[in-house]
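Read-outs throughout are calculated quantities, based only on the coordinates presented, and are distinct from any laboratory measurement. Quick caveat, the model's predicted, so the values are computed rather than measured. FYI the Cβ positions are ideal-geometry reconstructions off the backbone, even for glycines, and counts take in every protein chain you see.
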């Protein structure tokens with residue numbers, strides 16, 4: 001199944017490079033990344049565009065005005081094409097096996113609707 005990575009961004013451009021690197025390092029290959037920028041005031045759009053250019057697995061959408069986190073995350077989910085989806089904040093990163101583990105958990109437990117994971121604070 002295809003996995004949709006949903007990223008709602010607002011003024012997190014300076015963190016996005018690590019997030020991006022963790023996505024492209026995934027061992028599971030059937031994914032798309034849906035990014036919705038919530039009218040950032042920083043250089044987020046330029047940074048994100050520079051990183052994702054030429055990779056059509058990434059789709060960047062822009063809110064014309066700031067709509068807030070809830071609206072923007074809902075928009076991410078609405079735009080997603082995947083069979084399974086999960087949110088990733090733009091200032092976070094995934095371990096390389098993260099999506100594979102989530103997909104395998106879903107396939108083994110079809111009645112499970114939500115999967116979460118452990119996290120590690122990194123400064």
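Observations, loosely collected:
- Within region 72-123, the set of residues being without any contact (Cβ under 8 Å) to a residue 24 or more places away in the chain, within 27 Å of residue 39 (Cα to Cα) and either in a helix (DSSP H, G or I) or in contact with a strand residue (DSSP E or B) (Cβ under 6 Å, 6 or more places away or on another chain) (or both) comprises 74, 78.
- Some residue of region 40-60 being within 14 Å of the chain's Cα centre (by Cα), closer than 27 Å to residue 107 by Cα, surrounded by fewer than 16 Cβ atoms within 10 Å (Cβ to Cβ) and touching a residue at least 40 places away in the same chain (Cβ under 8 Å): no
- Conditions (1) out of contact with any helix residue (DSSP H, G or I) (no Cβ under 9 Å at 6 or more places or on another chain); (2) crowded, with 18+ Cβ neighbours inside 10 Å; number of the one not met by residue 121: (2)
- Residues located in region 1-33, provided they are part of a loop (DSSP other than H, G, I, E, B) and either surrounded by fewer than 18 Cβ atoms within 10 Å (Cβ to Cβ) or touching a helix residue (DSSP H, G or I) at 6+ places or on another chain (Cβ under 7 Å) (or both): 1, 2, 11, 12, 25, 26, 27, 28, 29, 30
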